[in-house]
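Below is one structure, written out as structure tokens; the observations come after it.
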Amino acid sequence: LLRGVLGARAAELAERVGVAAGARIVVATALVRDGRVLAAQRTRPAALAGRWELPGGSVETGESEDAAVARELREELGADVVACGRLGTDLPIDAGLLRVHLARLRPGSAEPAALEHAAVRWVDAAGLATLDWVDADRAVLPDLCAVLGT
Ligand code: CDP
């Protein structure tokens, strides 16, 4: 009985914060090196073209979020990265839920390149505020600033 009650309550809470079963999870990656994070400039859709994001994309069915981070950054940047923990809270987006993960380049990885973006740029804490970020990513900037230091 107790489990049933707790289960229903947990489901209700999850629903309220938008984590309904089946909600699409999009991972965004704060790839950090030497006090800088890699920002990537979107090319699509037209409404977001030119704005900056933390690179990432949709988690596939049965895929872990860490694996999605590594796959997306290999596809988008040609880089070999390892995810190393969450940053900030879940952010509601039209597509579902955005989760930011920290990541580092693996030794020997190629330098990240704009294979699917208009440009990529390493930015330090002071530089974060100079970019026109997509709305959802803007919310994580204070946490990111703390990670990068001053
Ligand atoms: O193509 P895929 O679904 O893998 O990924 P995407 O189109 O890059 O991102 C899916 C959705 O998440 C889009 O609506 C993006 O605007 C959003 N997104 C975001 O808000 N911030 C990011 N750092 C990455 C994606």
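Values quoted throughout were computed directly from the atomic coordinates according to the rules given, and no laboratory measurement underlies them. The structure presented is a predicted model; accordingly, all values stated were derived computationally and were not measured. Every residue, glycine as well, gets a Cβ built from its backbone with ideal geometry; the counts of neighbours run over all protein chains shown.
I need the shape label for the stretch 31-99. Rule: rounded when a/c is under 1.5, else prolate if a/b > b/c, else oblate, with a, b, c from the alpha carbon gyration tensor.
rounded
Taking every pair of alpha-carbon atoms in the stretch 79-150, give the share separated by more than 18 Å as a whole percent.
Everything past 18 Å amounts to 52 percent.
So what is the relative contact order for the stretch 37-125, in percent, with contacts set as C-alpha pairs under 8 Å and at least six apart?
For the stretch 37-125, the relative contact order is 33 percent.
How high is the relative contact order of the chain? Use alpha-carbon pairs under 8 Å, at least six apart in sequence, and give a whole percent.
Reported relative contact order: 28 percent.
At 222 nm, what value in deg cm²/dmol follows for the chain if DSSP H runs of at least 4 each add -39500 (n - 2.57) and the sum is divided by all its residues, to the nearest 500?
Computed ellipticity for the chain at 222 nm equals -8000 deg cm²/dmol.
Could you give the size of the charge dipole of the stretch 40-119 about its Cα centre, using +1 on the Cβ of each K and R and -1 on the Cβ of each D and E, expressed in debye and rounded to the nearest 20?
Roughly 220 debye, rounded to the nearest 20.
Is the stretch 25-150 best put as rounded, prolate or oblate by its Cα gyration tensor, with a ≥ b ≥ c the root eigenvalues, rounded for a/c under 1.5, and otherwise prolate when a/b is larger than b/c, oblate when not?
rounded
Ranked from highest to lowest mean number of other Cβ atoms within 10 Å per residue, what is the order of the peptides 140-149, 57-66?
The peptides rank, most packed first, as 140-149, 57-66.
What percent does the relative contact order of the stretch 80-135 come to when contacts are Cα pairs within less than 8 Å and at least six residues apart?
29
Mind ranking 41-47, 99-105, 83-89, 27-33 by how tightly packed they are, going by the mean number of other C-beta atoms within 10 angstrom, highest first?
So the peptides 41-47, 99-105, 83-89, 27-33, ranked by packing, come out 27-33, 99-105, 83-89, 41-47.
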